[in-house]
1. Outside any strand (DSSP E or B), surrounded by 12 or more Cβ atoms within 10 Å (Cβ to Cβ), over 31 Å from the mean Cα position of the chain (by Cα) and not aliphatic (A, V, I, L, M): which single residue out of Thr450, Thr415 fits that description?
2. What number of residues within the stretch 111-164 are free of Cβ contacts under 8 Å to residues at least 60 places away in the same chain, on the phi < 0 side of the Ramachandran plot and touching a strand residue (DSSP E or B) at 6+ places or on another chain (Cβ under 7 Å)?
3. Which condition does Leu75 not pass, out of (1) open to solvent by less than 20 Å² (accessible area, probe 1.4 Å); (2) free of Cβ contacts under 8 Å to residues at least 40 places away in the same chain, if it passes all the others?
4. With the structure loaded, tell me whether Ala196 is touching a strand residue (DSSP E or B) at 6+ places or on another chain (Cβ under 7 Å), more than 27 Å from Ser86 (Cβ to Cβ) and in a strand (DSSP E or B) or whether it fails that test.
5. Return the total of residues in the stretch 208-244 being in contact with a Phe, Trp or Tyr (Cβ under 7 Å, 6 or more places away or on another chain), outside any strand (DSSP E or B) and either at positive phi or surrounded by fewer than 16 Cβ atoms within 10 Å (Cβ to Cβ) (or both).
6. Give just the number: which of (1) surrounded by fewer than 20 Cβ atoms within 10 Å (Cβ to Cβ); (2) closer than 24 Å to Gly227 by Cα; (3) modelled with pLDDT under 90 does Glu49 not satisfy?
7. When you go through (1) at pLDDT below 80; (2) open to solvent by 50 Å² or more (accessible area, probe 1.4 Å) one by one for Ser120, which number turns out not to apply?
8. Which condition number does Gly102 fail, the rest of (1) modelled with pLDDT of 85 or more; (2) assigned to a loop (DSSP other than H, G, I, E, B) being met?
Amino acid sequence: MTNRKLLLLASATAAALCAAAAHADAPDAATQVEELIVTAQKREQKTLEVPIAITAYGSDSLDKLGIQEFEALSLYVPGFEVQNQSPNNPGFVMRGITSDSGEATNEPRVSVFQDGVSISKSRGSYIELFDLQRVEIAKGPQSTLYGRGALIGAVNLVQAKANPAGWDAKSKVEVGNYGYAMFETMLNMPVSDTFAVRVSGRLKKRGGFVDNLLGGEDFNSTDTAAGRIALRWQPTDALKADLIFNYEKDRPSGTSFKSLTYLPTDPTTGKVIGDLVRNSGAALSASDGFEGGKPLGLNRSVRGLTALVDYKISDSLSLSSISAYRRFDSLEVFDPDGFSLPLMVFAEDAHGRQASQEVRLNSAAGGKLTAFGGVSYFWEDGYQRVPLQFNEKIYALVAGGLLPKPAGLSLPVVTAVAPAALKSVHRETYANYGETKSYDAFADATYKVTDKLELTAGGRYTYDDKTSGD
């Protein structure tokens, strides 16, 4: 039996070597590695020619991998991870360093960009990935190339643009478990030889996969609508202008925080109705009257307008302008203690607006030297309010070790045994705001010494005027 196995293994190995040799002699286009063109250094280059740690995927690869969101994208990018507690509360991790703060006074260390425009605040940065030309993830300090918010790395989403060359359309429908349904569509419409409109969008819904043991919508659902309108005007080969409007609305149910100490119980009777398994049913609720009686969950809108203009002055010089305005508004209510009694409930009310303008001159004469330089302006105004409500009676029993584990007590019993002087409803609020005005001047040059050796040097000067408080 052993000899037969060895013979079969040797035969299989020989066959594989012959097949590999045959492919080497006659390469098939389907087996070739995609040579993606990227603009990480503000000029078109093949990924293998970029002297920084970069991972890039084109639209075809994104579709084949089924990537629709950052969390899935990070599975295919070494050194990059995205933690998605909710669309309002993501964590972008680059080489072990996390950027996830929602405070209006904080600068991100890992930023998301759309066509070179920084999405500065994390509460507006987690967006749907659809109808993209490509995605570029640059790891390591990228402040010279990308500017603010890229101290650890940068993720640049290059959106598909309208094309006057011809009509194009596609649609996609997906269904799955937990009532999952996704519809995505795109239509490219040439209006004339020089002007085109591109409309795309995605609707995605899925029921929560963690049962709500107290009734109501199950936790961790998906409810997203995202759309984009792109216009392109290209009167000559030397001039092209794009105007892109993005909008996204997210209304998922609450996040399923789960206590691993106290069993889910009916808060009125104290009856055990669940277990301590992480993703089994949870018994959570927002306290009556908190934030006007809003339920657990998120209500967030993100919108942005971007104008891109490229003018080819000569064969070696080109001028680019990037103008943008973005805004997000979000309110998320969550029950962080993870068990049935209304110990505490939090909310985060966050808002942000930003505007930016960049003008850049690129030089690429086709010789050994390529360079770019430019100036930019960035304005941002942000606000965050974090209200908290907790029950002093329940807290007194938990802090004193008097709440029995793992079943706890019913709410009527807690109210009866806790000191009468303690409040059932205690509310506090923390708020912060920040406004930034920033002016940048930057330049970068690359000299090709030989076919295998390039020298690159760059610099950026930034002047910030910041106002913040809480």
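The values are calculated or read from the model by the stated rules, or taken from the named source; none is laboratory data. Every value quoted in this text rests on a predicted model; they were computed, and no experiment measured them. Cβ atoms come from the backbone with ideal geometry, glycine included; neighbour counts cover every protein chain shown. These area figures cover heavy atoms from the full protein model, side chains too; ligands, DNA and RNA do not enter into them. Shrake-Rupley method; radii C 1.70, N 1.55, O 1.52, S 1.80 Å.
1. Thr415
2. Just the residues of the stretch 111-164 that are free of Cβ contacts under 8 Å to residues at least 60 places away in the same chain, to begin with: 111-113, 122, 125-126, 141, 146, 149-152, 154, 157.
Now drop any that are not on the phi < 0 side of the Ramachandran plot, which leaves 111-113, 122, 125-126, 141, 146, 150-152, 154, 157.
Of the ones still in play, those that are also touching a strand residue (DSSP E or B) at 6+ places or on another chain (Cβ under 7 Å) are 111-113, 122, 125-126, 146, 150, 152, 154, 157.
Final tally of qualifying residues: 11.
3. Result: Leu75 passes all but (1).
4. Numbers: touching a strand residue (DSSP E or B) at 6+ places or on another chain (Cβ under 7 Å): yes; more than 27 Å from Ser86 (Cβ to Cβ): yes; in a strand (DSSP E or B): yes.
Yes: the conditions hold for Ala196.
5. Qualifying residue count, the stretch 208-244: 3.
6. Result: Glu49 fails condition (2) only.
7. (2)
8. (1)
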